[in-house]
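**Student:** For reference, the structure I am asking about is given below.
Quick note: the coordinates plus some simple rules give every number you see, no bench work behind them. Worth saying up front: this structure is predicted, and the values here are computed from it rather than measured.
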Amino acid sequence: MSDALPGSLRQYADRHGLDVDSLQAALDWQVLFWSGEQQPADQERWHRWLNAKAEHRHAWDAVARMAGTLGALSPRVARHILKQPSSAGRRRVLGTLALAGLGSMLMFAGTGGGLWQRAMADYRCARGEQQRFRLEDGSSLILNTASAVSVDFGHGRRRISLVPESEIALDTRPSALHDTGPLSLTLPAALLSLQNAWLTARDLGQGAGTVAVLAGGAQLVTAYPRQGAITLNAGQQVHFDPGGLSVTPLSRQRALAWTRGVLQADRWRLADFLDELSRYRNGVLYCDDEVADLIVSGAYPVRDTDYVLESLARALPVAIHYRTPWLVRVGAV
């Protein structure tokens, strides 16, 4: 079907007693099914291939095990894999990830040290959850989906550190009763100093982040020397990345929507909306390019993402294709 296997997959086949040609064919079949480009006759051809030899079934079982681990990938990386221009490119990436093992695969996916930090964090929540905590200084902390923080309180220190790609709401105003002084909030690319403040903060990855101040104020210093320090007051939000920063008025309702389990969209591109929705479900959620620019507005309950997808299918000219419960493609009707 395509060119030769990478050396790593050839070694995998040797170690597990798999026929190399059968493994290559099994990978090609899996990529075809994920691509959405298969024709009705392909299913029959796959059944004939699968039942032709025991080696084919053994290879297919191995690929199915590899494929199951794709559910742990970040949606951004998984979509990139699935949209490679050729099946050979997708197969190479799939093979490399499958051989690497779950931990290494997540690091490849761009979480880097975040995987280790998440495992060691003091407070964390799973994908699709929001968790509320009362910290030892009296502060109130809410974690959004798949988020985690580490806390360092003691010896005159109060520091909270976000794990990469985490999002929180933090209210330090109750801590004023303890007269504990300023608190430092660390994002991967920024440092905030706050006292008696209420804010939301999110690390967007790749050196970017957002902070919205709902009450009180905060001093922000990014990791980029040219940007300098800024003061944020109640009613302001900032977006920063390596290219610069911008301060704008915030919508209180929008800033706090996720704390109520709501994803609020105001004329978002469908592709961007699915990026956000995918944060709340396991697996891979993506759309075809031909529907990526459709416009989505409304408030959606993130605790039932399948319901949200059904709502999209009723409101837009799209169809939802469940290849497996964790691999979902949104395409044109």
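**Student:** Out of residues 5 or more away from GLN264 or on other chains, whose amide H comes under 5 Å of its own, with H placed 1.01 Å from N in the peptide plane?
**Tutor:** TYR300
**Student:** I would also like to ask the following. Out of every Cα-Cα pair in the range 280-319, what percent are more than 17 Å apart?
**Tutor:** It works out to 32 percent of all Cα pairs.
**Student:** Kirkwood hydrodynamic radius for the range 217-291: how many Å is it when counted over pairs of different Cα atoms?
**Tutor:** About 15.1 Å, per the Kirkwood formula over Cα pairs.
**Student:** Against the empirical 2.2 N^0.38 Å scaling, what ratio does the C-alpha Rg of the range 199-333 come to?
**Tutor:** 1.21
**Student:** For the range 148-222, what is the convex hull volume of the alpha-carbon atoms per residue, in Å³?
**Tutor:** Given the Cα convex hull of the range 148-222, per-residue volume reads 76 Å³.
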